[in-house]
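Enquirer: Quick one: this structure, given as structure tokens, is what I'll be asking you about.
What follows is calculated from the coordinates using simple rules that are stated; it is not laboratory data. Just so we're clear, the structure is a prediction, and the values are computed from it rather than from any experiment. Virtual Cβ from ideal backbone geometry, glycine too; neighbours counted across all protein chains shown.
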Amino acid sequence: MRKLAILAIRLYPYDFRSAFAAEMIAILAERPPRFHEPVAICWRAAREWISKLTTDKYVRARALPDLRRMRPAGISQEEWFLRKPWGSVTSASR
């Protein structure tokens, strides 16, 4: 039942999942989930998608940042913006 609940967490939007998935999994690890847990997670994920899609874009963008677009710590701005896309390896970059 725990694996099913953890799989259900993947139904949440990425920004919500990146902010709260670790805490949700930790709570599931503390106590054994019952049958209604995965169903409730799916229901809440559907409600989160509805609210994400119906909320004004301005409000939605300010709530949770997209962590995939943020520059990681320790990487210079020049290195981050000069990186090559996957699959475009040239002899000069080797």
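Enquirer: For the stretch 2-65, what is the convex hull (Cα atoms) projected area averaged across all directions, in square nanometres?
Expert: Over all viewing directions, the stretch 2-65 projects a mean Cα-hull area of 4.1 nm².
Enquirer: Excluding R34 itself, what net charge comes from residues whose Cβ is under 15 Å from its Cβ, given Lys and Arg +1 and Asp and Glu -1?
Expert: Around R34, the charge tally is +1.
Enquirer: Report the label-to-label distance for L53 and A29 in nanometres (one decimal), using points 7 Å from each Cα along the Cα→Cβ vector.
Expert: Going by the 7 Å Cα→Cβ label model, 3.3 nm.
Enquirer: Under a point spin-label approximation (7 Å from Cα along Cα-to-Cβ), what is the A40-L82 distance to one decimal in nm?
Expert: Each label point lies 7 Å from its Cα, and together they span 5.2 nm.
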